[in-house]
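What follows is a set of notes on a single structure, which appears directly below.
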Amino acid sequence: MKRSKVLILGVCMALVLSLLAACSKDNTKNNASGSSSEPSESQQATGSASQSSKEVKITFFNTSAEINTVFENLFKVYKQEHPNVTVELIPTPIGGAQIEKFQSLIASGNPATVANLDAGTIFQYKDKFLDLESDKAKYEELALPGAIDGALLDGKFIGVPYSAQGYGLLYNKRVVEEVIGGAFDPSTIQTRSDLETLFKKIEATDKAPVIIHGADWSLGAHYLGLAYSLQTNDIEKNRQFVEDVKNGTVDLSTNEAFNGLMDTFDMLKKYNARKSDPLVADYNKDSADFAKGEAAFYFMGDWSWAVIGTLEGRDKDFGILPVPISDNATDFGNSQVAYTEPKLFAIDNSGSTPEQQEAAKALIEWMITSEASQKAIIGESGLAMPYKNLKVESTNPMSSAISKYVADGKTINIGVINYLPSDYWAKTGASMQKYLVSKLDRAGFTKEVQDYWKSTAGK
C-alpha cells in the first residue's frame, strides 16, 4: 500500500514536470518569433474580435464605387494583419442599381455585415443596423468638431463617417488663367452674371466652358438636391420645407431658390461641352476631358480625384467655385459650396452574428485610424477624412480648396438629403434629364418634380 502511494506520487510529479517543460518550450518558441504578452498597436486598435483565434468572415457592401479597387486592396492588407478575419468586398458600379442590390441582399436574408451607404439609405433602413451609441464617445474623440453630430440620424449614432466631401463647379486652373491672362481669384465670381461673363471669354478661345455630367445621380441628387438645402442653413427647417412641398403648401414654381438654381442650370446647359449628346454620361471620359483641359469647369465633387489623380498627361492645379443662383452676391449659396459626410459605415443587425458584428467594429476602427487605411483613402483616393491627427496628408487639390471654404464657414449644409426617400434622386434625376435635353419646359419640369413629391406624402 505504502509502495503504491509512492508510485502514484512519482507518476504525478513526472506529469507536473512534463507540463512545466512543455510550457517552457512554448514560451521559448513564442519569444523566438518576436511574440510578447503586450498587444501590438494594430491589435490594440482593432479590439478583441481580431485577437480571437476563431475564423470570422464578413462582407462589405460598397457604394463608393469609384474606389472599389482601393477597398479590395485594403482588405488584403487587413487580412495580412488579421489572419483570422476575411473581408469580402461586394462592389457596385458607379450610379448603377446600387440601392436595388442592397435591397436584394436584405430581402434574401443575407445582408452585408458592413454597408458603406448614403446616410439617407441608412436612415431609411435604420431598424436593420446596429446601434453604435456605445462607440460614440470614442469616435467623438477621434473626429473633428461637429463631425459625429453631423452623422447622427434623428439623434442616433448608427453610422460612422469615413469621408467628408464637397461639390460645386470644379475648375481647371491652367485653362481659366490662360483665358483671363493672369492669376484667377475664385472670389471674383459672386453671381450668375459673373460666371457667364467668364464662360463667354472661355468660349471665345474655342474651349468648352463647362461639362455637365448627364447621369441621374449627378442631376437629381447633387444639382437639384441643392434646392432643398438652399432654403436655409438649418436642416430641420429644410426638412419642413420638403414636407410642405409634399403636402402641396409650397409651390416650387414660385420658390426663389428653386427658380434661381434652375436659371443657372439653363445657363450651364447653354455652355455645356456635351450639349450635342448630353445624356451619354461617361464619368471617366468627362473627368478625363476636364482634367486634360478640354473644358474649364465641371459640375462635380472632389471625389472625382479618384479618377483624375491617376491620369497621365493631366493638368496639376484645380479648384472649386460655388454654383451661383442669382445676381445678388449676398444671397445664400452664391459664396458657399455644398459640403457633407455623404457615406457612413453601418453594421448589420438583422442577420449577422455577434462575432461578425465585433469583427465589423474592429474593421471600421482600423479603417479610420490605421496608417495603411489612411494612405488608401486619403493618399490614393484623394478623399478627405473628418478626423484629427491623421497620419497622411491629402494630395487632392480639390479637397484642399473645399477645406478653405469649410475653414471660412462658407458651406451649404446638405444634411436634409439624409431624410429624403431613397428614390428621390433617380425619379427627379429622370425629370432633370428630360429638362436637360429640352423634352420638358420649366413649367412641365416643375410640375413633374412636384408630382413626385406629392406621391411621397405620408411616407
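The values are calculated or read from the model by the stated rules, or taken from the named source; none is laboratory data. Computed from a predicted model, the values in this text were never measured in an experiment. Cβ sites come from the backbone with ideal geometry, for glycine too, and all protein chains shown count toward neighbours. When the accessible area is computed, the model is the full protein with side chains, heavy atoms only, and any ligands, DNA or RNA have been set aside. Shrake-Rupley method; radii C 1.70, N 1.55, O 1.52, S 1.80 Å.
Taking residue 289, is it in a loop (DSSP other than H, G, I, E, B), touching a residue at least 60 places away in the same chain (Cβ under 8 Å) and charged (D, E, K, R)? If you could, list the steps in order and put the result at the bottom.
Working: in a loop (DSSP other than H, G, I, E, B): no; touching a residue at least 60 places away in the same chain (Cβ under 8 Å): yes; charged (D, E, K, R): yes.
Criteria not met by residue 289.
Could you check region 346-375 and list, in sequence order, the residues that are surrounded by fewer than 20 Cβ atoms within 10 Å (Cβ to Cβ), polar (S, T, N, Q) and part of a loop (DSSP other than H, G, I, E, B)?
349, 350, 353
Looking at the structure I just gave you, is residue 378 part of a strand (DSSP E or B) and open to solvent by less than 30 Å² (accessible area, probe 1.4 Å)?
no
When the residues of region 120-137 are filtered to those that are basic (Lys, Arg) and either under 16 Å from residue 419 (Cβ atoms) or in contact (Cβ under 8 Å) with a residue 40 or more places away in the chain (or both), which remaining residue is surrounded by the fewest Cβ atoms within 10 Å (Cβ to Cβ)?
Looking at residues that are basic (Lys, Arg) and either under 16 Å from residue 419 (Cβ atoms) or in contact (Cβ under 8 Å) with a residue 40 or more places away in the chain (or both), I get 126.
Give me the pairs: first residue in region 384-409 and open to solvent by 40 Å² or more (accessible area, probe 1.4 Å), second residue in a helix (DSSP H, G or I), beta-carbon distance under 6 Å, and six or more apart or on different chains, which are they?
Going by the 6 Å Cβ cut-off, the qualifying pairs are 390/374; 391/371; 391/374; 394/378.
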